[in-house]
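Input: a single structure, listed below in structure tokens.
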């Protein structure tokens, strides 16, 4: 259905589900009187990205930035501000985002914010290391260890009856890897 086929008055008679569908399909061709309520409807329906796009594309830059920030997407908010020629606001959003992402342990996004700010490489490396530490804390070492043990048993079974140099080298490497994993698991438990 196109905009010429329905009026704004008819839009408000639709079910909420159909309103969202209509907004989604006609995002770039909405009449002015439906843009602001359309943004609100999209936010309410959990379609935040579409709400941001509608706000941005209709020139409601401040609204687009606010929606993105409220959704925790400082990177997108900063890019919107930058494209709108608001360089200082963009820089400020990247800084806020960096703090937010570090506090939420979202280090991949923190690295992106840091790079956009032009942080020195040693600070970027520090963020990457913090991300690795964070991810390894979240890792279920029991599952990893079980997977490694299963793989080791399979490999041992494949090596049964083989006493050549290659088989011995594989056994030695497996043992070294098991030892490394056990040390890492112990270190992570101490942190």
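A few points about this structure:
- C-alpha long axis of helix 74-83 to longest principal axis of the chain, angle in °: 50
- Of the peptides 69-82, 21-34, 103-116, the order by per-residue mean of other Cβ atoms within 10 Å, starting with the highest, comes out as 69-82, 103-116, 21-34.
- Helix-only [θ]222 nm of the chain, DSSP H runs n ≥ 4, -39500 (n - 2.57) each, per residue, nearest 500: -25000 deg cm²/dmol
- Prolate/oblate/rounded label for the stretch 32-156 (Cα gyration tensor, a/c 1.5): oblate
- Nitroxide proxy distance, nm - points 7 Å out along Cα→Cβ at residue 164 and residue 18: 7.3
- Taking the C-alpha atoms only, the angle from helix 61-70 to the longest principal axis of the chain is near 40 degrees.
- Sorting the segments 162-170, 49-57, 130-138 by their mean number of nearby beta carbons within 10 angstrom, highest to lowest, gives 49-57, 130-138, 162-170.
- Rounded if a/c under 1.5, otherwise prolate or oblate - the stretch 1-71, Cα gyration tensor axes: prolate
- Mean-square fluctuations from a GNM of the chain, with a 10 angstrom spring cutoff on Cα atoms, peak among 171, 63, 86 at 171.
- Between 0 and 90°, nearest 10: helix 32-44 axis offset from the chain longest Cα axis: 30
Each reported figure results from applying straightforward, stated rules to the coordinates on display, with no laboratory input. Not measured: the values here are computed from a predicted model. Note that each Cβ is placed from the backbone with ideal geometry, even for glycine, and that neighbours are counted across all protein chains shown.
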